[in-house]
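Engineer: Questions regarding the structure given below will be posed in turn.
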Amino acid sequence: MSMYFNIGDETLWNPSNGAGRLFLRQVEVFEAELELASGIGQGKYWGDPDTLEVDPAVYAEFTRGLVAWHCRTGHSVILALSEGFVATAVALARRAGIEVEMPEPGSGRGCGGVQREVQVPGNPRTASATIVTALETRAREMDRGMAH
């Protein structure tokens with residue numbers, strides 16, 4: 001069994017049910033954390049929980065906010081917990097034709113809001129080159145490993 005993440009009649013990703021369910025549960029976590037809708041919802045086959053539709057405009061905003069949030073954190077545990085999900089979300093966005101740019105290191109680009117997690121040392125407001133490079137590399141790896 002598998003799931004389908006579609007835009008219209010195009011399948012962006014066809015993961016196993018286990019990987020798809022885990023991704024969707026993480027989507028819920030990050031929607032709550034960022035206070036942004038993901039744009040991933042029930043597909044054209046109502047009643048089929050394995051077919052999901054991706055709204056490109058909403059998903060673009062979600063993914064860009066997710067990348068900005070991830071790249072500006074300086075908290076090592078948050079980085080470790082989020083990197084794989086963020087990379088998968090970026091790979092899915094790029095498959096949908098959504099341009100997701102990585103912030104320039106030290107640019108401070110991000111989604112505003114209050115920083116709730118602090119770790120010393122480090123500046124949680126700016127993206128480090130290491131974080132940006134790791135995320136970009138991981139997103140490319142994820143794309144190669146994601147079934148269409």
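Engineer: In nm, to one decimal, how far is the residue 148 label point from the residue 130 one, both placed 7 Å along Cα→Cβ?
Structural biologist: 3.7 nm
Engineer: Which trypsin sites (Lys or Arg not before Pro) in the range 43-101 sit in a loop by DSSP (not H, G, I, E or B) and have at most 13 other Cβ atoms within 10 Å of their own Cβ? Walk me through the numbers before you get to the answer.
Structural biologist: Working: sites: 44, 64, 72, 94, 95; in loops: 44.
Counting only loop positions with at most 13 other Cβ atoms within 10 Å, the trypsin sites (Lys or Arg not before Pro) in the range 43-101 are 44.
Engineer: If I model a spin label at residue 9 and residue 81 as a point 7 Å from the Cα along the Cα→Cβ vector, what separation in nanometres do I get?
Structural biologist: 4.3 nm
Engineer: Related question: Give me the number: length gained by fully extending residue 1 to residue 19, i.e. 0.36 nm times residue separation minus the C-alpha to C-alpha distance, one decimal in nm.
Structural biologist: 5.4 nm is the gain from fully extending residue 1 to residue 19.
Each reported figure results from applying straightforward, stated rules to the coordinates on display, with no laboratory input. Quick caveat, the model's predicted, so the values are computed rather than measured. Here Cβ is always computed from backbone atoms with ideal geometry, including for glycine, and neighbour counts include all displayed protein chains.
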